[in-house]
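What follows is a single structure, written as structure tokens, with notes after it.
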Amino acid sequence: MLKIENLTVGIAGKDILKDISFEIREGEVVILFGPNGSGKSTLIKAIMGLSGYKVKKGNIMFKGKPLNGLAIEERVKLGMGIMYQHPPKIRGVKLSQMAEHLAKDEAKIKALAEKLSLTGHLNREVNLDFSGGEMKRSELFQILLQDPKLLLLDEPESGVDLENISVMGKVLNEYLEKEKKSALIITHTGYIMDYVKAGRGCVLLDGRFWCVGDPKEMFTAIRDSGYDKCKECICPHH
Amino acid sequence: MPAPLELEAKDKDTIASSGIDLSGDLRSASFFQQDSRLKIYQAFRDGIDILTTEEALKKYPEAGDYYGKNFRLLSRDFPQDTEGGYFIRVKKGKSIELPVQACLFLKAEGFKQKVHNLIIIEEDARVYLITGCSSSHSANEGFHLGISEFFIKKGGYLNFTMIHSWKEDVSVKPMSIALLEEKATFISNYVSLRPVKDINMYPTAVLSGEGARASFNSLILSHPGSLQDIGSRVILAAPSTQAEIIARAVSLGGKIIARGHLKAQAKEIKAHLECRGLILSEKGTIHAIPEMESDFRDVDMSHEAAIGRINKEEIEYLCSRGFARNEAQSIIVRGFMDVNVLGLPDSLKKEIQNITEKTLKGGL
């Protein structure tokens, strides 16, 4: 589905991702761990083609096709979707307008909005005066309506209360399992793993992949010993 | 619109794009002037006088007292060589539900239309007035001068919406002064989204009675080659008066000068001025000139201005939801030019929203 080969990405002249190689197979859910500043969001944004994330070396391939230089909306057409960690406010554009653009099926929009407690938000401007949790629900709402083949989720549960994490987690898991989607999920809290069955976890440290393994085991180890301990670990992917 | 009025299909579209309902079904009174010769008017409801200014000056002895009064009040000159214009008066205590409309239309090539309008809202009367000013495709090198004097008596309410729908070689010069008595309200909404050669206007409201309130709201789109020098001024001359000036300006390559002036001449006033601008072309210019003056300490006056390009993050966000880059830009501009910024009554909001949506879609 997604294949990254020897990728180096820079922001404002500084290399953030350094020569990384990585693959997500069809139907596979991968959890991405790493401390702040390790390059997790940069990886997702570079895959999506956002400006300012310059691919200096290497390739990003999606379904066998190189993405380098392709516009964001073209990547969307190929079947990629992103859920932002910090989405911008879009003044004058209602959430319902976005929903109708992403999915033609009104009943589907209505049902999903209800599931995510967003019915009352449809008539509001996107992200304007939304709470942190409302923003995340609106992001999940949009990406599920978009129905991409690969979901790039940047901290889907941060800032969300436990009750809503449960709502979001269940909706997401149901979707991923039923539709056999691929996903790359960044998490700090690990809560999302209580709901979503992930096959692999990866740790990104200083712009390099350090470790690959069972995500729950990795999360327990990180929680108990921190990322410093990771560095000591001898790992075949190091 | 009352008969007899025969218009070309193209002109009908242009007139409709300035907010005029040609059927007249959704209006309580209607006035139409083409160039200077053709003038048609009719009131469909009681409580409204609507006729040409010349006729009103002959018919009503008191009309002469209003003519030029606001200009003399501010010691300003005004052109006397006008022909036509409307006299609209809403009688004391009357609340008119459907809007009153006035259309000033330029048709003949090179014609200089000069009108003088008198609008009188008597005590506790209430009305929505929509004025559509537009030019036919044939009105090359046209000129429009519109003098408007508003008198809003004690407790009166006027919601005035003016939509300009000109073309690239037409010059326009509105001159407006509103005089508000105690507890009177004047809401002025201005929309200019089509190309024009130049517009020069600086309408003024004088809040002379305690508790009076004025608000000026504008949506301005500037096309390459256009010069729009547009301001609003409120003189808060009585205690406990309030004013608000809000402008949204987008330059596609033309020059916009967005002026605003708040002048406090009394205590306990509250006033705010806000200008936001987007420049979408290298050739575009927006010059915001906000001014605030106070002779008193006990006032609450503020202003904010922001000019720049569209936030790249917002465009990319929309792109990542599948919109093409130019679509994303157009969506953001249309959202920025939000009719909710205007103080429109519900009866006009949908109509104006449709007009701005259509004009912006065509213009962007």
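Can you confirm whether A:ILE186 is in contact with a strand residue (DSSP E or B) (Cβ under 8 Å, 6 or more places away or on another chain) and either surrounded by fewer than 22 Cβ atoms within 10 Å (Cβ to Cβ) or at pLDDT below 95 (or both)?
no
Would you pick out the residues in region B:79-118 that are of a type in the set (Lys, Arg) and under 19 Å from B:VAL170 (Cα atoms)?
Across region B:79-118, the qualifying residues are B:LYS107, B:LYS112, B:LYS114.
It is to be established whether one or more residues within region A:23-39 are over 23 Å from A:PRO215 (Cβ atoms) and free of Cβ contacts under 8 Å to residues at least 12 places away in the same chain.
Checked region A:23-39: no residue is over 23 Å from A:PRO215 (Cβ atoms) and free of Cβ contacts under 8 Å to residues at least 12 places away in the same chain.
Does B:ILE286 satisfy the criteria of being crowded, with 18+ Cβ neighbours inside 10 Å and either at pLDDT 90 or above or aliphatic (A, V, I, L, M) (or both)?
yes
Yes or no, residue by residue, for (1) within 14 Å of another protein chain (Cβ to nearest Cβ); (2) surrounded by 17 or more Cβ atoms within 10 Å (Cβ to Cβ); (3) in a strand (DSSP E or B):
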{"residue": "B:PRO290", "(1), (2), (3)": "no, yes, yes"}
{"residue": "B:GLU293", "(1), (2), (3)": "no, no, yes"}
{"residue": "B:MET301", "(1), (2), (3)": "no, yes, yes"}
{"residue": "B:GLU314", "(1), (2), (3)": "yes, yes, no"}
{"residue": "B:TYR317", "(1), (2), (3)": "yes, yes, no"}
{"residue": "B:ALA328", "(1), (2), (3)": "yes, yes, no"}
{"residue": "B:VAL333", "(1), (2), (3)": "yes, yes, no"}
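To keep it simple, each residue is scored yes or no on (1) assigned to a loop (DSSP other than H, G, I, E, B); (2) more than 10 Å from every other protein chain (Cβ to nearest Cβ); (3) among the aromatic types (Phe, Trp, Tyr).
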| site | (1), (2), (3) |
| --- | --- |
| A:GLU73 | no, no, no |
| A:VAL76 | no, no, no |
| A:PRO87 | yes, no, no |
| A:GLN97 | no, no, no |
| A:GLU100 | no, yes, no |
| A:ILE109 | no, yes, no |
| A:ALA113 | no, yes, no |
| A:ARG137 | no, yes, no |
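Do you know which residues across region B:337-364 are within 12 Å of chain A (Cβ to nearest Cβ) and either more than 30 Å from A:LEU70 (Cα to Cα) or surrounded by 20 or more Cβ atoms within 10 Å (Cβ to Cβ) (or both)?
Of everything in region B:337-364, those that are within 12 Å of chain A (Cβ to nearest Cβ) and either more than 30 Å from A:LEU70 (Cα to Cα) or surrounded by 20 or more Cβ atoms within 10 Å (Cβ to Cβ) (or both) turn out to be B:MET337, B:ASP338, B:VAL339, B:ASN340, B:VAL341, B:GLN353, B:THR356, B:GLU357.
Can you list the strands (runs of 3 or more DSSP E) lying wholly within region B:204-251 that have 3 or more residues being of a type outside the set (Val, Ile, Thr) and either out of contact with any helix residue (DSSP H, G or I) (no Cβ under 9 Å at 6 or more places or on another chain) or closer than 30 Å to B:ILE279 by Cα (or both)?
Where strands (runs of 3 or more DSSP E) fall fully within region B:204-251 and carry at least 3 residues being of a type outside the set (Val, Ile, Thr) and either out of contact with any helix residue (DSSP H, G or I) (no Cβ under 9 Å at 6 or more places or on another chain) or closer than 30 Å to B:ILE279 by Cα (or both), they are B:213-222, B:227-236, B:242-251.
Consider only pairs whose beta carbons are under 6 Å apart and that are at least six residues apart or on different chains; among these, list those whose first residue lies in region A:157-181 and is of a type in the set (Ser, Thr, Tyr) and whose second residue is at pLDDT 95 or above.
Hits for this filter: A:TYR175/A:LEU144.
The values are calculated or read from the model by the stated rules, or taken from the named source; none is laboratory data. Fair warning: this is a prediction, and the values are worked out from it, not measured in the lab. Note that we place each Cβ from the backbone using ideal geometry, even for glycine, and neighbour counts take in every protein chain shown.
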